[in-house]
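One structure is given here, and the rest of the page talks about it.
We did not get these values from a lab; they are worked out from the coordinates using the rules stated. Note that this is a predicted model, so its numbers are computed, not measured. Using ideal geometry, Cβ is built from the backbone for each residue, glycine included, and neighbour counts are taken over all protein chains shown.
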Amino acid sequence: GSTLQDAAAETGRYYGTAIAASRMNDQQYMNIANTEFNMITAENEMKMDAMQPQRGNFNWASGDRIVDWALQNGKQVRGHALAWHSQQPGWMQSMEGSSLRTAMLDHVTQVATYYRGKIHSWDVVNEAFADGSSGARRDSNLQRTGNDWIEAAFRAARAADPQAKLCYNDYNIDNWNHAKTRAVHAMVADFKSRGVPIDCVGLQAHFNSGNPVPSDYHVTIQNFADLGVDVQITELDIEGSGTSQAEQFRGVHQACMSVARCTGISVWGVRDTDSWRAQGTPLLFDGNGGKKAAYHAVLEQLNSG
Ligand code: G3I
């Protein structure tokens, strides 16, 4: 294949990116997005604060702009994210207990119902585990409603959109020898054993020099897949430049391609200048829309499989 999406499709995988509605008037940006990618994630527009700015008052316009463009151009959509401790609307941030639980489940139900039939996979719950060595859940208003809030969210999402794949998504769960990775793995194993509806695990994969691509990445991916879920790389970016960056990108793709149930890879933005950490030049296209060494390494790796 001569594009990322075509090369990935030849291995049975998708290739995605995050899209920002605010950049959709930029022709260069949209041309690259349309040519190279076939899985689209809204970078911010489908988060809780964007979808339900006031309680009971939903704002679908920006999410629809991205979803409609994707579907009209033959692409699939990753929904991001139904429930998260961050990016909550102000009214939700101040809630707690059973009223928060009800509001969260209502949000999951309403958003998943609105987009029913249009979403390939939902990030049902995002970033619910703590950093560091505790292996504990992250403290948050949602967590304080009870440890079962995550499974409650998954059950509500399944009821609202039975066709969508339901994923748990997190960062720093790339190293197998890391407490957070093991804790997420244990949760997914528990969900599978008790019949809680979960179909996939998203590894965000935000890397930099302090958090490099692990040498055992394929082990982590395989261990999640062995639980009976699909695995996706959902928000890939790697700070750096030149050959070193390119080889790290290649390694991530090699790891995914070595596991049959690693079904797709998405980068977290189009050009370096579109990135949430633009100074780290972490993406596949430079600020002028040019293909970087990392792009060529990724395309070559995808074509080798
Ligand atoms: O659009 C407003 C603008 O009107 C306002 O003037 C400006 C002032 O702060 O803010 C703008 O909104 C910002 C938005 O990005 C769009 O640029 C928000 O402040 C800013 O918080 C938001 O950051 C996003 C971040 O998630 C929020 O949590 C990043 O774009 C987005 O890339 C990032 O994505 C997350 C994933 O959702 C979850 N995993 C980690 C990943 C990277 O942090």
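Tabulated data for the structure shown
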item	result
Per-pair calculated FRET efficiency, R0 = 35 Å: Gln72 and Lys192 via Cβ, rounded to 0.05	0.45
Most mobile listed residue (Gly90, Gly79, Gly202) in the chain, GNM with C-alpha springs under 10 Å	Gly90
Cα-based Kirkwood hydrodynamic radius, the stretch 196-268, one decimal, Å	12.4 Å
Computed label-point distance, nm, for sites Ser99 and Gln27 using a 7 Å Cα→Cβ extension	5.3 nm
Three principal axis lengths of the chain [C-alpha, angstrom, descending]	51, 43, 34
Pairs from Lys47/Lys180; Lys75/Lys292; Lys165/Lys292; Lys75/Lys192; Lys75/Lys118; Lys47/Lys118 whose Cα-Cα separation, in the structure shown, is over 21 Å	Lys47/Lys180; Lys75/Lys292; Lys165/Lys292; Lys75/Lys192
Gain in span if fully extended, Asp216 to Trp276, counting 0.36 nm per residue against the direct Cα distance	18.9 nm
Anisotropy class of the stretch 92-159 from Cα gyration tensor, a/c 1.5 cut	oblate
Size of charge dipole - the stretch 17-163 - debye, nearest 20, with Cβ of Lys, Arg +1 and Asp, Glu -1, no other charges	260 debye
Dipole magnitude of the chain, debye to nearest 20 (Cβ charges: Lys/Arg +1, Asp/Glu -1, about Cα centre)	540 debye
Val201, Val188 arranged by Cβ crowding within 10 Å, fewest neighbours leading	Val188, Val201
Of Ala246, Ala153, Ala186, the one that fluctuates the most in a GNM where the chain has Cα springs shorter than 10 Å	Ala186
Three-way shape call for the stretch 1-101 based on the alpha-carbon gyration tensor, with the a/c threshold at 1.5	prolate
Most mobile of Thr220, Thr41, Thr273 in a GNM of the chain (Cα contacts under 10 Å)	Thr273
In nm, spacing of pseudo-spin labels at Ser258 and Arg138 (7 Å Cα→C-beta vector)	2.9 nm
Relative contact order (%) - criterion: Cα under 8 Å, at least six apart; region: the chain	17 percent
Helix 242-257 vs. the chain, principal-axis angle (Cα, 0 to 90°, nearest 10)	60 degrees
Gln87 versus Asn288: modelled label distance in nm, points set 7 Å from Cα along the beta carbon direction	3.2 nm
Mean separation of Cα contacts under 8 Å (6+ apart) over length of the stretch 192-233, as relative contact order %	60 percent
Positive-end residue of Leu4, Ala136, Ile233, charge dipole of the chain with Cβ unit charges	Ala136
Cβ-defined net charge surrounding Ala18, 15 Å radius [Lys, Arg +1; Asp, Glu -1]	-2
Separation between Cα centres of the stretch 269-305 and the stretch 32-73, rounded to whole Å	22 Å
Cα gyration tensor shape of the stretch 72-190, rounded if a/c is under 1.5, else prolate or oblate by comparing a/b with b/c	oblate
